[in-house]
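Mind looking over this structure? Questions follow.
Coordinate-derived values only; no laboratory data. What you are looking at is a predicted structure, and each value in this text was computed from that prediction instead of being measured. Reconstructed Cβ throughout: ideal geometry from the backbone, glycine too, with neighbour counts over all protein chains shown.
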Amino acid sequence: MASPNNYPNGLNLAGTVFANGPETLQLEGDVWLSGAVQWLSSTTGNNANVGQTPNAAVATLAQAVTNSAANGIIVVGENHVESLSGSQALSLANLSIFGCGSGSSRPRFTCTGSVVMFNISGSGTRIENLYFPASTAVPTTRIDMAATYCVVKDCYFECGASDTSSAIRMPATSGGGLATGCSFVTTASLPSIGINISGASANNTIDNCVFDGGSYGWFDYALKVSAAATGTKILGGTYINGSNIGFTVTATSYQLYGIEMDGTSRVLLTA
């Protein structure tokens, strides 16, 4: 077994663009990783760098992924800004992508092409604390969780006029997926879907997410199960301003716990 990578001062670097990371990066003391870390920042990075240290970050996600390996980590600096007109493949098993910053200072990834923006095929992929502005072209989806046991955590999705598909899609290959602490907010008329479980997958969980139709509403269900998915769990969460939940096909199974809905939002259960 190769020697682990040790970060004695942790991964949350005060006074740099890599400060203010999510809770996972704020753990104090030694950090031991079997995979390598890539550092990414559009404000301080350069793709001529190797990306292995914070002061020699790369500038684009594509370069960070190219430099990464299975079980690796990509740390994205505060105020990173990137537009993706092509699909970014995420095929490495157990790759984690962590964004630093809070609110709109989180790393911002805008879809500018009619593509699957983040195309996940690596089992165990984790995406945390990123900001997705409204798309400027019509994407197939922005995050396709097309592998098992993937996590999208604490991400913010603006859903605009070009977002006529879904922000997150869980197809048949997405078993055991988790979307937790994410927000889906409409910013123009009429985006389609926040999360779509579009294939006959099993045991996906939607935990404590916010769906807000704003003054525009949704063209479709804010959270939609459009295939014979089984074992879907919806835990808590807030659904407001015309943010409906729809299980629109038979042969599904589900558990819904403690969801909060205002008077404009509804639940359709077809089983």
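If I model a spin label as a point 7 Å beyond the Cα along the Cα-Cβ vector, how far apart are those points for A93 and T43 in nm?
Roughly 3.7 nm, to one decimal.
Given N residues in the range 116-271, what is Rg(Cα) / (2.2 N^0.38 Å)? Please list the in-between numbers first.
Values: Rg = 13.7 Å, N = 156, 2.2 N^0.38 = 15.0 Å.
In units of the globular-protein estimate, the range 116-271 measures up at 0.92.
To continue, here is another question. Place a +1 charge on the Cβ of each Lys and Arg in the range 198-271 and a -1 charge on the Cβ of each Asp and Glu, then give the dipole magnitude about the Cα centre in debye, rounded to the nearest 20.
Values: 3 positive and 5 negative charges, 43 e Å.
Roughly 200 debye, rounded to the nearest 20.
Please give me the summed charge of the neighbours of A134: other residues whose Cβ is under 12 Å from its Cβ, Lys and Arg +1, Asp and Glu -1. Could the numbers behind the result be given before it?
Numbers: positive: R108, R142; negative: E158, D163.
Surrounding charge for A134 is 0.
Now, a different point. Antiparallel DSSP bridges in the chain: what percent, to the nearest 5?
In the chain, approximately 5 percent of DSSP beta bridges are antiparallel ones.
Next question, about the same structure. 222 nm [θ] for the chain, helices only, -39500 (n - 2.57) per DSSP H run of 4+, per residue, to 500?
On the way: 1 runs with 7 residues, N = 271.
Calculated mean residue ellipticity at 222 nm is -500 deg cm²/dmol.
Net charge near N208: determine it from the other residues with C-beta under 13 Å of the C-beta of N208, scoring Lys and Arg +1 and Asp and Glu -1.
Numbers: positive: K153, K233; negative: D154, D207, E260.
Charge balance near N208 sits at -1.
With a 10 Å radius around each residue's Cβ, average the other Cβ atoms per peptide and rank 215-224, 247-256, highest first. Before the final figure, lay out the partial values.
Values: 215-224: 21.2, 247-256: 14.8.
In descending order of packing, they fall as 215-224, 247-256.
Express in nm, to one decimal, how much length is gained between D207 and K233 on full extension, taking 0.36 nm for each residue of separation and deducting their alpha carbon distance.
Details: separation 26, 0.36 × 26 = 9.36 nm, distance 0.79 nm.
Extra length from D207 to K233 when fully extended: 8.6 nm.
I've got another one for you. Highest first, please rank the peptides 8-16, 233-241 by the mean number of other Cβ atoms sitting within 10 Å of their residues.
Details: 8-16: 14.2, 233-241: 18.8.
Per-residue mean Cβ counts within 10 Å order the peptides as 233-241, 8-16.
Just need log10 I(q)/I(0) for the range 98-145 at q = 0.17, 0.27 Å⁻¹, Debye formula, equal scatterers on the alpha-carbon atoms, no solvent, rounded to two decimals.
-0.54, -1.03
Return the sequence-ordered ³J(HN,Hα) values of the range 17-24 in whole Hz as given by the Karplus equation 6.51 cos²θ - 1.76 cosθ + 1.60 applied to θ = phi - 60°, using x for Gly and Pro.
5, 9, 6, 6, x, x, 3, 4
Further, regarding this structure: If R0 is 51 Å, what FRET efficiency do you get for A56 and R266 from their C-beta distance, rounded to 0.05? Numbers along the way, then the final one.
On the way: r = 52 Å, r/R0 = 1.02.
After rounding, the FRET efficiency stands at 0.45.
A further question on this structure: Using +1 at the C-beta of Lys and Arg and -1 at the C-beta of Asp and Glu, which of F118, N9, I74 has the Cα lying farthest in the positive direction of the dipole of the range 1-129?
Result: F118, furthest along the dipole toward the positive end.
Restricting to the range 1-125, compute how many DSSP beta bridges are antiparallel as a %, nearest 5. Mind showing how you got there, number by number?
Values: 3 of 19 bridges.
The antiparallel proportion sits near 15 percent.
Along the range 42-57, what does the Karplus equation 6.51 cos²θ - 1.76 cosθ + 1.60 (θ = phi - 60°) give for ³J(HN,Hα), rounded to whole Hz, x for Gly and Pro?
Residue by residue, the range 42-57 yields 6, 8, 10, x, 8, 5, 6, 6, 8, x, 8, 9, x, 8, 9, 6 Hz.
Could you grab the relative contact order for the range 78-269? Cα pairs under 8 Å, six or more apart, rounded to a whole percent.
Taking the mean separation of contacting Cα pairs over the length of the range 78-269, I get 14 percent.
Rank-order 141-149, 111-119 by packing density, defined as the average count of other C-beta atoms within 10 Å over each peptide's residues, highest first. Mind dumping the intermediate values first?
Numbers: 141-149: 23.8, 111-119: 20.7.
Result, highest mean first: 141-149, 111-119.
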